[in-house]
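Undergrad: I have a structure I would like to understand better, so I am pasting it below and will then ask my questions one at a time.
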Amino acid sequence: MVKNHLDKNGSFTGSPKPPHPTTSTDPHSRKSSQEELDHSLNHHNEDVKKLSDDIDRFINELSTCHDKSNPPEVPEIIETFSKIIESKISKHNTCENSSTRLCKMTEEDNFFVEAVSRLSKLTNSLSEFPSGSTTTRSLNRTSMVLQRAMTLMEEDLRALLEDYGEQCSLTLSDSSGEEEYPSFPPDTVTRMNRIASTMIMAGYETECCQVYSITRGNACVEQMKKLEFEKINMEDVQRMQWDSLEGEITRWIRAVKSCSTTLFPGEKRLGDSVFSESPMNSQTLFSNLARAIVIQLLDFAEAVTMTKRSAEKLFKYLDMYEALRDLIPSIKNSPSNECENELNSEIQATIDRLGESAVSIFSDLENSIKNDVARTPVPGGAVHPLTRYLMNYLKYACEYKITLEHIFHQHNSNSPAKLKPTLEVEAENDSPHCNSETTPFSIQLVTIMDLLDTNLEAKSNLYRDPALRDIFLMNNGRYILQKVKGSAEIHQVMGDTWCRRRSTIVRHYHKNYQRETFGKVLQILTHDGMQVHGKVAKTTVKERFKNFNAIFDEIHRSQSTWVVSDEQLQSELRVSISSLVIPAYRSFFGRFRQYLDNAKQAEKYIKYQPEDIEILIDDFFDGNSTSMARRKT
C-alpha cells in the first residue's frame, strides 16, 4: 500500500527524498509561474483521454513486468499527470469556503476523482519495485501528490457530511418514517461514494471511515437531542418521582421508535450508498454508530427496571418492551456481524428484564388483592372500588395481549406441576373461569379473577341483610361481565364459555335476592289460610293487609337507598319484582278488599292501590334516602 512508503511525519522511507524544487519568494513570480502552469495544463486537458490512456498503458506495463529488479523506464507523462492533479488540488484549496465547491458534480470534478483513482493505481504499481530503482523518484512524487489529494478528499467528505447533514433532520411529526432520512441530494451521495471508494482503494480506509464515523455520530447525537432524549444518570433515574420519570419514559419511547423507523434505517441506507463498494465498512460503521446510541437507551431502560415496582408502571414497562423489541430488526445488517449480534443480545437481555418486571407486577397485584381487607361495606351494595380498578386495569392490560402472552410464555413463574392441578380442579368444579384455550397469560387472568371473586365474597359478608349481600355480589358480577364483554381483547382471553357461566352466577344472585326479599311478601298475599269454617275471616284479612303494608314499607325504605348503577340490571330487577309482586297483590286486593266493612275501615288497612305498588318499585335501587319521605308528603 502507498502509505507504507510514508513515516508518521509524512516523509518517505526506503528511498531518497525527492529534491525540492527551487521556489521564489516573490509573489508576482509565483503568480506568473501558476499562470504558465495553467496555460500548459489547459493544453494537456484538451487531450485528457489520450493522457489517461497513456497512464493506463504504463500501469499495465508495470503490472506485467515480472522482473521487479529491472523496471521499465518511467515516461515524462507521469510528471505531467502529477502536475495536473496538483493544479486541481491548488485550485480546489483556493475556494474561500466549502459551499463554493460543494455544488453538483461537474465534468471537472469527475476528471479529478478519476485522475486520483488512476494516480492511486499508478502509485501502487510503482511501489512493487525495490527501493533505489529507477521508479523510486516517481513513486515518491506520486505518493506526495496522492497524499495531498487524500487530505483534500478527506476534507471534502467531512464538509459534504457536515454541511448537508445540518439540513437532514428528523421531524417530530407523526410521519411514521415516511420522510426519507437523511435526505442528502443524490449528487452529494454520489460524490461521497466516489470519494470513499477512491480513498479506500488508495489505502486511506482508516481516515475515510474515521471522518464518516465522527460526523455521522455527531449528527445522530444532535438528532437525539431534538427528540428530547439525553443521557440521564442511573442514580437520578432511581430518585425520580413517578410523574417525572413517566415523562422521561415517554420521551425515551419516542426516541427508540424514531431510531427504529427513521434514524437507523436512514443511516444504514446512507452508509450502504456511500460505501457501496465496501459493504464490510458500511456494516461496521453502522454497527458502531447504532451501538453508541443503543447503549445509552439501554442504560436508561435498565435503570427504570431497578426502580421500585408498582402496578401503575406496568403499561410503561410494556411500552418500553415493545419499543425495544421493534428496535432489533432495524439494526440487523448481517447474520455474521459479531458486533451486531452482541448488541442484539444486550437489547434482548434488557427486554427480558422488562418482561420479568411485568410478571413481577402481576404477582404483586395478586398479593394486593389478597391483602385488601375491608371492615366497612360499600354503601348500598354498589360496585366495589377494587372491582372497578382491577377490571379497568385488566382491560387495559389485555390491549397488550400479544406482548403479555409472549412475556408469560417466557417468564411464567408458575411451574407446570402447579398449573395442572389448578386446571383440573376448575374442570371438575365447572368453574366460571374455565377456558378451553389455556395459555400462561390466560391462566394469570383466571387467577386474578378467582382472587377477586374470593375477595368480594368475603366483603359481601359485611352486609347484615342477605338481600343486600346478593345485590352487592350481583352488582360486582354484572360489572365484571360487562367489562369483559365490552373489551374485545379481554373477551378473547376469557372466552364465551366464561361469559355464559358468569351470567349464570349473576342470575343465581338475582334469584337469591328475590327469595330473600319477597318470600315473606308472597306468603302474606297467598289465599291460603284466609277462611275459617268455610268463611273468609275479616280479622285475617285486616292482619294480612296490615302486615303487607309494614313489610313493603320497610322494603321500599331500605331498597330505595340501595344502588344498582347498571341501568339494564336495574331495569331487569324492577321488572322482575313487578311481575312477582303486583299480580299477587292485585289478586289479593281484588279478592279480599270487599270483606272490609266500610270505606273508613278500608282506608285504614288498605294503604296502597296496585298502581301505587308499581310506582313505588320504580324507586328501588336509586340510592336515594329521601324517596320514602317524599312519598309520605
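The values are calculated or read from the model by the stated rules, or taken from the named source; none is laboratory data. Given the structure is predicted, the values throughout are model-derived calculations rather than measurements. Glycine also receives a Cβ, built like all others from the backbone with ideal geometry; neighbour counts cover every protein chain displayed. Note: accessible area is taken over every heavy atom of the protein model, side chains too, but ligands, DNA and RNA are not part of it. Shrake-Rupley method; radii C 1.70, N 1.55, O 1.52, S 1.80 Å.
Undergrad: Give me the percent of the accessible area of segment 232-274 that comes from carbon and sulfur atoms, probe 1.4 Å, all protein chains in place. Intermediate results must be reported in sequence, preceding the final value.
TA: Working: 870 of 1970 Å².
C and S atoms contribute 44 percent here.
Undergrad: Sticking with this structure for a sec: Please compute one quarter of the surface area of the Cα convex hull for segment 208-270 and express it in square nanometres. Kindly include the intermediate steps, with their values, before the conclusion.
TA: On the way: hull surface 19.8 nm².
Averaging across all directions leaves 5.0 nm² for the Cα convex hull.
Undergrad: Another question, then. Determine the distance separating the Cα centre of segment 454-504 from the Cα centre of segment 247-298; give it in Å without decimals.
TA: Value for the Cα centre distance between the two parts: 50 Å.
Undergrad: Another question, if that's okay. To the nearest 10 Å², what's ARG507's accessible area with a 1.4 Å probe?
TA: The accessible area comes out at roughly 130 Å².
Undergrad: Let me ask something else about it. Express the Stokes-Einstein translational diffusion coefficient of segment 474-539 in µm² s⁻¹, to the nearest whole number, given a Kirkwood radius over alpha-carbon pairs, 20 °C and a viscosity of 1.002 mPa s. All intermediate terms of the calculation are to be shown ahead of the outcome.
TA: Details: Rh = 15.1 Å.
Rounded to a whole number, D works out at 142 µm²/s.
Undergrad: What are the ³J(HN,Hα) couplings of segment 384-390, residue after residue, when phi is run through the Karplus curve with 6.51, -1.76, 1.60 and θ = phi - 60°? Round to Hz, x for glycine and proline.
TA: In residue order, the calculated couplings are 6, x, 4, 5, 4, 4, 5 Hz.
Undergrad: So, counting K/R as plus one and D/E as minus one, what does the shell of residues with Cβ under 14 Å around THR376 add up to?
TA: Values: positive: ARG375, LYS459, ARG464; negative: ASP372.
Result for the neighbourhood of THR376: +2.
Undergrad: Keeping all protein chains in the complex and leaving out DNA, RNA and ligands, what accessible area do you get for VAL48 with a 1.4 Å probe, in Å² to the nearest 10?
TA: Spelled out: VAL48, probe radius 1.4 Å, area about 40 Å².
Undergrad: Per residue, what accessible area does segment 233-389 have, given a 1.4 Å probe and all protein chains present, in Å²? Present the calculation step by step, with values, prior to reporting the outcome.
TA: Values: 7050 Å² over 157 residues.
Ligands and nucleic acids excluded, the figure is 45 Å² per residue.
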